[in-house]
Amino acid sequence: MVFNGFLSYLPLIAVVAYTLLLLGIFVRRSQEELQTRWFLAFLAVSIVWQLILFFGQQWMLPRPVPLKVLLIGTLFLGLTTAVYVNWPRQRRWFLMGALAILLTVAADLLLPGTTLIPLLNFQASYRGLVGFAIWFLLSGFIFFKTWNDYRTAQFPWHANRLLFWAIALLITFLGEALLFFQWPEAVIAGHASRLIGILALAYAVSSYRIFDVRTRAQKVMILIVVTLLSALPMLFVLLAIWQIGIWQNWNSGVTILATLITLVISLFLYEPFRSWLQRLADRYLLGGNFDTSQVLRNYSQATSRILDVNQLAIVILGAASELLETKYGALLLINNNDEGQQIEVIPAIGSVPRDPVTFAPDSPFIRAFAQHQPLLQYELDFNRQYANLPAQERMWLKKMAMDVYVPITDGSTLDGLIAMGPKQSGLPYQPDELSLLQTMADQAVIALQNARLYREMEERNEKIKQLNIDLMHQNERLEVMDRVKSDFITIASHELRTPLTQVKGYIDILAAMNAEGILSQEQTREIVGHINRASLQLERLISAMLDASQLEVDGMQLNFMETSLETLVRLAIDPLRTALAERHLTLKTEGLADIPPLHADFKRMVQSLTNIIGNAIKYTPDYGTITISARMVPARLGDLEYVELVVADTGIGIDPKYHELIFEKFFRVGNPQLHSTGSTKFKGAGPGLGLPIARGVIEAHNGRIWVESPGEDEKRLPGSEFHILLPLRQPDTAANGKQAPAFVRSRAAQPT
Ligand code: ADP
């Protein structure tokens, strides 16, 4: 009777316990977190459920009601779990819970409430059975989904959190299941189990740090086994004494004395024996069987000798993973720059992504290391202190998939981080392991600083070497330019003097013949023709010189109009047709017709192309081939589309060291003493103005010109390719400037 009375008051005790818990959570925490709010709702519904259970006994409420309230509670617990475990589509849980409740209502309407069926040795109604089944499915689903997430969790501390939650859920649900039964023992055990489960859930909801369940369980098990084992010898002795006492018919005084003596001796021996067993267990069962101090000694010796950052990373991470058996790890170097802390990843064990990242100067991640302590990824995910970590930084950390970051710092500057992946055992890092890692990091500070200094020095050395090489190239170029300058005088005087001498010569002849009165009309026409050609050549030369000098003074004044590349090329070739025929050269064109219309200065463009094709004629021996091809460049740059025109010949080619210089004014490969013998003869030297003018015109069109050729060889005839990139439309100069896009410039500058 008393027992039954106690049983009927159990719900009331549960109400008090849940209310206290609810108030406790309410007072302790701000209700910002969604999971806490759902959990409070669950507690509130639990209180109502227990109240109905209690008063229902007296008022004889229709039985099904508590089940529906329980289901509402389970719905809220499902929502709490969904938020806690971070399941996607959390709203679905509402639907599931609502569906479960609707199903029970449907069962109430459709199934008879009174028919009882015997089950095992108690009676159940169909409604009750269906209700139980629905509750079982709903809570089972919540539990197994959590369990599945625990099985697949990537990090041990994350897994631990899920394991704890799953166990707490299981205990709670087990309690609820027991409450479905009428047996007094089941009811008591059910209430107790549910209360324990809910206490555990409350602990998990309100504190993000959860003790290491597996290690704790392991330790408790070991403690029990060790305690039992250490008591065994004493038990044996006692049993033996009592057995001997029976055989030998000792009187009870002797037996008691022997027992007492045994107990006293055990009192002294028990503790040393137990701690010896404990040490053995720690060593062989908890994996503490490495000689930390030996590893650390070797480690500090090794790090002090290394000057290379990559090697240092391997030694540091190697030693750490030898002790802790991690799957992968890296050394992260931290460089301060204007934008924040730039992190450079140096992989050391396993495969680690190498993407660099820059953390904001006030990033909570970086600030965390001011405390000179390791930081777990778990903290980054669950400690509210890191809630405002920028998304890009969080993404990077997620991609790194490290379990712990250990600062390498001398207290003032953060030099780097040791980043360690999860342990192979799947167990979380323990506090003593974290402090071991911190010790290792502290020992590496000086080594890392030295290695970084050394690397900086090496980089500087490399830079100086490169500068020296550049300087040498510049010197060579200057020497050539110097030569060009003096060549200019030679070339200019030769070029000018040749036609001038001709003019002067013919005028002298004209004058002499005239004085003698022997000048026929036929002779006059011939001599005037010669003078005309010579002065034309002179005029061409002077206008080329003027064009070239105009490039430097104020750039080129261009008149853009819409035209087609095909027309430009045709007009450029027209004056060269005789030369092509005389020299038996084949001219091929490819793809010109497919190019859409473009904007260009008609006259200047034709002039440039004539210069380039003229050169191809000049530097290709008879019976060679000149190919002019065009194609659209696949990449669009902003609004601009580019066409690439290539003039390729099968001529003597150009030495790579002259690829840039030939675009300089008055530069010509070979002997400056040669003067232009004729504009299209094989190797007929010119004044060295054709290419500079062509480049000037093309650059004024926001295009680029460069040459590609394996080298000069009159026997093998490697040929040259002149590449011209032109935009189809001219960019809005006000917005874009006269510069061609970077990619065009870089192509122009590429070495060939
Ligand atoms: P030039 O009036 O001497 O032809 P350019 O400026 O047109 O002057 O060319 C400069 C130099 O570039 C030429 O002297 C020649 O050595 C070299 N060159 C130009 N085009 C070619 C080519 N297609 N093949 C070989 N060499 C060339």
Can you spot a residue in region 602-617 that is away from the ligand (no atom under 16 Å from the Cβ) and open to solvent by 20 Å² or more (accessible area, probe 1.4 Å)? yes
In region 560-590, anything closer than 26 Å to residue 621 by Cβ and part of a loop (DSSP other than H, G, I, E, B) is listed as 583, 584, 585
Residue 210 passes all but one of the listed conditions (1) loosely packed, with under 13 Cβ neighbours inside 10 Å; (2) aliphatic (A, V, I, L, M); (3) not in a helix (DSSP H, G or I); the exception is number (1)
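Yes/no per residue for (1) acidic (Asp, Glu); (2) open to solvent by 30 Å² or more (accessible area, probe 1.4 Å); (3) assigned to a helix (DSSP H, G or I):
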| residue | (1), (2), (3) |
| --- | --- |
| 272 | no, yes, yes |
| 279 | no, yes, yes |
| 297 | no, yes, yes |
| 307 | no, yes, no |
| 316 | no, no, yes |
| 322 | yes, yes, yes |
| 334 | no, no, no |
Original post:
Does region 482-489 contain any residue that is open to solvent by 40 Å² or more (accessible area, probe 1.4 Å), more than 20 Å from residue 658 (Cβ to Cβ) and in a helix (DSSP H, G or I)?
Top reply: yes
Flagged pairs (Cβ under 6 angstrom, 6 or more apart or on separate chains; first in region 297-309, touching a residue at least 12 places away in the same chain (Cβ under 8 Å) and farther than 15 Å from residue 319 by Cα; second among the small types (Gly, Ala, Ser) and surrounded by 12 or more Cβ atoms within 10 Å (Cβ to Cβ)) are 307/451; 309/451
Residue in region 190-205 that is among the hydrophobic types (A, V, I, L, M, F, W, C), more than 51 Å from the chain's Cα centre (by Cα) and part of a helix (DSSP H, G or I) present: no
Residue pairs qualifying under the 6 Å Cβ cut-off, at least six apart or on distinct chains, with the first in region 611-640 being closer than 13 Å to residue 579 by Cα and the second being at pLDDT 85 or above and away from the ligand (no atom under 16 Å from the Cβ), are 622/584; 623/584
Taking region 148-167 and the residues there that are among the aromatic types (Phe, Trp, Tyr) and in a helix (DSSP H, G or I), the one that is surrounded by the fewest Cβ atoms within 10 Å (Cβ to Cβ) would be 150
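The values are calculated or read from the model by the stated rules, or taken from the named source; none is laboratory data. From a predicted model like this one, the values you see are computed outputs, not experimental measurements. Don't worry about glycine lacking a Cβ; one is built from the backbone with ideal geometry, like all the others, and counts go over all protein chains shown. Areas reflect the complete protein model, heavy atoms only, side chains present, ligands, DNA and RNA absent. Shrake-Rupley method; radii C 1.70, N 1.55, O 1.52, S 1.80 Å.
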